[in-house]
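Here the structure is laid out as structure tokens; the discussion comes afterwards.
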Amino acid sequence: MDVPLYLRPRIEPPLASLLGAAPFLHSLVDALGSPLNVLLPETIAENAARFRAVYRRHRLTGRLYFAHKANRSSALVRRLAADDPAAVGIDVASLEELRHALGCGFTGDRVMATGPKDPEFLWLAARVGATVNLDSPRELEQLAALVRGHGLGRVRVLARLSGFESTAGQSGTGTRVLSRRSRFGTPVRDAETLWSALERHSDAVELTGLAYHLDTTGLEEKARALEQCVLLMDACRERGLAPRAVDIGGGFGVGYVADAGEWQRWTTALSEAVLGGRPPLTWRGHGYGLRNEGGTVRGSVALYPGHRPDAGPDYLDELLSLPAPVLGREPGTLLLEHLHDLHIEPGRSLVDQCGLSLARVLDVRGTGADPDPYLVRLGMNAGDVSLEEHGVLMDPVLLSRGDPSGDGRDGDPEAERPVGVHLVGNLCLEADLITRRLVFLPRLPRPGDVLAFVNTAGYAMDFHAHHAQRQPSARTVAVEREGDSWRWCPDEDYWPITPPGGTPA
Ligand SMILES: Cc1ncc(COP(=O)(O)O)c(C=O)c1O
């Protein structure tokens with residue numbers, strides 16, 4: 001085999017020390033089964049503190065709303081509910097997420113209701129005093145009718161916008177740029193109609209801000225949208241509306257792969273493999289969006305950018321510091337000068353380093369194929385760790401059975417060399433691959449070993465989990481450091497006043 005093409009994950013403390021406790025993790029899987037999700041509730045609070053430090057650096061006020069959709073856990077939501085109410089709220093995108101947030105200790109005034117909403121969701125949001133992030137003028141009509149029909153108090157609303165247009169280039173003489181299309185929010189070109197509707201319904205709703213969420217990593221596109229919101233807020237004021245916050249949604253991102261060089265090498269090798277210049281790196285030559293057209297690589301890689309030096313709070317900092325295209329001010333300065341609050345809705349980035357998914361190795365089978373002769377079957381399926389679904393590629397960490405160091409150096413030297421394997425799931429389905437990528441591990445796993453997929457708390461842990469073939473879906477536990485060891489409790493039993501498995505503080 002060539003040099004192993006590792007994509008080793010970025011692992012920071014305390015996740016790193018949790019992985020060092022291989023016997024503890026093995027004992028959890030022995031007791032609770034495979035797959036198993038493990039969460040670190042303290043880390044979400046630390047991540048929130050990092051975002052707040054960026055607010056302080058830019059002297060901005062406003063709230064961080066955790067995008068609940070990233071993870072179903074109660075422990076994470078309860079831990080955030082215990083945080084500073086003025087600074088930390090929650091973004092819920094369904095009736096059940098709203099009920100869950102309230103049950104975890106969030107009061108209605110800390111809740112932002114986003115996404116498309118059915119009448120029950122709208123009613124409960126209005127009833128508990130949540131802010132409704134309006135998806136469309138039609139939703140505004142529905143909400144206003146509910147408020148009047150049920151004698152509810154005036155509801156705070158944000159107007160979610162999409163289809164931002166702007167002119168690229170500092171001088172304003174460049175080309176017209178349209179932000180990516182979205183099926184959510186009111187297109188900016190229809191803003192006038194929306195403002196009129198908000199005026200018409202001012203007895204039922206109060207416009208407190210404008211919002212967007214752009215599904216892109218592009219900083220400039222986001223900065224342009226932010227600037228347009230500020231301009232539109234000026235226009236709103238002129239007609240007597242009084243929005244005072246800009247909600248810039250989520251999408252601050254996570255750096256999954258530790259080493260830029262490994263990411264670079266792997267993506268280069270993928271192109272070479274697509275061209276046939278090296279053995280395939282994927283199951284049946286899958287190209288992740290790339291294809292060979294007459295000896296030239298065509299298409300674009302449909303993958304999450306694995307190595308991201310500036311993600312999460314650093315990305316927010318960069319966005320706020322970017323020169324703005326039209327008004328000539330950095331977005332942070334612009335918000336400060338206009339005395340606008342800044343709201344954010346981080347999902348993935350807020351649960352960065354907050355957990356891992358464990359799977360027991362059930363079977364290791366040689367196929368005789370070269371260069372990727374091994375199928376490693378796990379006690380989980382692709383729905384249990386849906387990294388592939390989100391285009392996130394990174395290696396699992398091999399936790400050897402009976403090897404406290406977890407580094408795998410405990411057996412036959414021939415089996416101790418790096419090896420490329422295909423990780424397959426527990427469903428009777430050809431397509432059930434944990435990843436289509438050939439995964440390089442420091443040695444061939446053995447049945448009974450555990451693979452730890454780290455940093456799965458954002459969308460990969462439970463977003464796509466299902467009960468096909470009645471396979472068990474993962475239980476989730478919360479863990480916390482206790483001196484040199486770890487204690488745990490079921491996710492649903494975690495409360496921020498009680499250490500996992502311990503007595504109330
Ligand atoms: C409205 C809205 N806000 C926030 C988020 C969270 O995005 P991320 O997890 O990328 O931070 C999403 C994700 O889909 C969203 O739709």
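What the table shows:
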| read-out | value |
| --- | --- |
| Helix 41-57 axis, angle to the chain major axis (alpha carbon atoms, nearest 10°) | 50 degrees |
| Added length on full extension, which subtracts the Cα-Cα distance from 0.36 nm per residue, R365 to L339 | 3.1 nm |
| Potential lengthening between T216 and R487 on full extension [0.36 nm per residue; Cα-Cα distance subtracted] | 93.7 nm |
| Cα-based helix-to-principal-axis angle, 219-238 vs the chain, degrees rounded to 10 | 20 degrees |
| Share of Cα-Cα pairs in segment 260-299 lying beyond 15 Å, as whole percent | 33 percent |
| Rounded percent of accessible protein surface that carbon and sulfur make up, the chain, 1.4 Å probe | 51 percent |
| Tilt relative to the chain, helix 22-32 - C-alpha long axis, 0 to 90 degrees, to 10 | 80 degrees |
| Loop sites in segment 213-288: trypsin sites (Lys or Arg not before Pro), DSSP, at most 13 other Cβ within 10 Å | R239 |
| Probe 1.4 Å, protein heavy atoms only - accessible area per residue of the chain in square angstrom | 42 Å² |
| For segment 53-150, fraction of C-alpha pairs farther apart than 19 Å, in % | 42 percent |
| Extension gain from R278 to E120, taking 0.36 nm per residue of separation minus the Cα-Cα distance | 51.3 nm |
| For the chain, calculated [θ]222 nm from helices alone, where every DSSP H run of n ≥ 4 adds -39500 (n - 2.57) | -8000 deg cm²/dmol |
| Taking the C-alpha atoms of the chain, convex hull volume expressed per residue in Å³ | 161 Å³ |
| Translational D in µm²/s for segment 240-391 (Stokes-Einstein at 37 °C, 0.692 mPa s, Kirkwood Rh from C-alpha pairs) | 168 µm²/s |
| Segment 260-299, relative contact order in percent, only Cα pairs under 8 angstrom and at least six apart counted | 32 percent |
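The values are calculated or read from the model by the stated rules, or taken from the named source; none is laboratory data. Computed from a predicted model, the values in this text were never measured in an experiment. For neighbour counting, all protein chains shown are included, and Cβ atoms are generated from backbone atoms with ideal geometry for every residue, glycine included. To get the accessible areas, we keep the full protein, side chains included, count just its heavy atoms, and leave off ligands, DNA and RNA. Shrake-Rupley method; radii C 1.70, N 1.55, O 1.52, S 1.80 Å.
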